[in-house]
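The values are calculated or read from the model by the stated rules, or taken from the named source; none is laboratory data. Worth saying up front: this structure is predicted, and the values here are computed from it rather than measured. Note: ideal-geometry Cβ built from the backbone for every residue, glycine included; neighbour counts use all protein chains shown.
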Amino acid sequence: MLRFPCLSLSACALAAICAGAEPEISVLLAAVPSAAVPPTAGPPTAGPAGDSLPALVSEAMRNNPSIQAAEYQVKALRASPDHAWSWEAPQVGVEFFQTPVKSFPNPLKNQQEIDYSLQQAIPFPGKLATRIRAEDRRVDMGAAELEALKHQLARDVKTDYYELFLLDRRMEINGESQALMRRLIEIARRQYEVGMGRQADILKAQTELTSLRTDSIGLAQMRRATAGMLNALLNREADRPLPVAAELKVSEVGWTFAQISGILEENHPKLRSMQASINMREAEKAMAGKEFLPEFMVRGTYKDMLAMSGSGEGSPGDFWSVMVSMNVPVAFWSLPRYRAGYVQGEANLAQSRREYANMRNMLLAKAQEALLKAESGAEMARLAKSVLVPQAQQALESDQAAYQGGKGDFMTLLDAYRMRLNAKENAEMAIMQLSASQADLEEAVGLGLDEIAQKLSEGAKR
């Protein structure tokens, strides 16, 4: 996954931001003439509505193999309570008793007695209910983990999409810059022809143009790699074309950390998973405590006394018997095993509670970081689009006019060109970083931005 350097803004530029700026930041890019961009360097043409970010997120939720695997895992977990509720299967037996050796291998020849038995193990009352509670909590934990995985996948899809957006904008800016550099080469050539310039100026401009062409190749390679990563998340072919929108509209968030933290603790799926784990460990501890209680075995036997019964069914020679037994867990040679199980239950419960506390602290810290990045990113994006880019454009035009009038040097003009290039790239990078920070905030809170706003609105009405 690609990572870009942070945007750096000067203090004097920050002071230029108007206090009453609009809360919504809109990125609108004019189409670049086809002659300005090499055919192999341009981004893919914007596709149909199916390539929009919400559609891509939905497609990832449907087709991503990790999500599908987690859904099967939850499906398997949902069958666990039924498995825990059932008793052990009964045992049915037939015993041929006092069969003469001379009748071998026919057990019915000269048979004296046949015993038919049915045996069933019966757990102590309350044991099964405790096991079911533990399995139900395990199901809750698996469902919450699946939801957390979906939030993480949505964040990864959005991050890759925003990086593709930035790469497309940088490729367009590169094309614009190549066209601009060709004009500067022509200006330097005319100045040289009239004796107001140097041949070195032309060579420097040509070197700059070559550098731009090299950058365009690198940008195209990075875009293919990022598109391949996003296609992998979508379970598509790695080389499938993946156009993205030419415009991003990002609304600022004006929430406080106190508001975010309250919603996070109530809704984040990872915390719900951890709480379900605590409940499951509590049930397992209770189940370990009930292991000290005995289990019963009931067996009924019907004895068919063939040698005594003659030919009549149910004759006085036949009889039946019932046996009831139970295990003794508190015997001194078996007690350490059950004690160890209870100690393990206590330790597992304590571990789950500490893991919940650690996860809560980490998620709150992550949410705070994402919120701060979203706030600062909105400020930097507004500054870059409204101040830095216009100032850099004005400086370039001024230095170009001075050079053409014989009052400036070409190196100053090149510096102004580079400043304009950096300002335009930083403006697009600020928008990408703002969008990515909001995606991080959604994952940290466990809800989308619209859902967060709805929760806050519902809380304000109470």
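For region 394-408, a residue qualifies if it is outside any helix (DSSP H, G or I) and either in contact (Cβ under 8 Å) with a residue 60 or more places away in the chain or surrounded by fewer than 15 Cβ atoms within 10 Å (Cβ to Cβ) (or both), and the qualifying residues are 405, 406, 407. On the given criteria, is residue 389 within 30 Å of residue 288 (Cβ to Cβ), in the same structural domain as residue 288 (by TED's automatic domain parsing) and in a helix (DSSP H, G or I)? No, not satisfied. Screening residue 317 on (1) part of a loop (DSSP other than H, G, I, E, B); (2) outside the structural domain of residue 112 (by TED's automatic domain parsing); (3) touching a residue at least 12 places away in the same chain (Cβ under 8 Å) shows it passes everything except condition (2). Does region 310-321 contain any residue that is at pLDDT 85 or above and surrounded by 15 or more Cβ atoms within 10 Å (Cβ to Cβ)? Among the residues of region 310-321, not one is at pLDDT 85 or above and surrounded by 15 or more Cβ atoms within 10 Å (Cβ to Cβ), which makes the answer no.
Please go through region 326-365 and give me each residue that is of a type in the set (S, T, N, Q) and either surrounded by fewer than 16 Cβ atoms within 10 Å (Cβ to Cβ) or not in a helix (DSSP H, G or I) (or both), ordered by number. First the steps, then the outcome.
Pass one, region 326-365, residues of a type in the set (S, T, N, Q): 327, 334, 344, 348, 351-352, 358, 361.
Once the filter is applied, which keeps residues that are of a type in the set (S, T, N, Q) and either surrounded by fewer than 16 Cβ atoms within 10 Å (Cβ to Cβ) or not in a helix (DSSP H, G or I) (or both), region 326-365 yields 327, 334, 344, 351, 358, 361.
Screening the candidates 456, 372 for the property of being at pLDDT 85 or above, surrounded by fewer than 18 Cβ atoms within 10 Å (Cβ to Cβ) and under 26 Å from residue 362 (Cβ atoms) yields one hit, 372.
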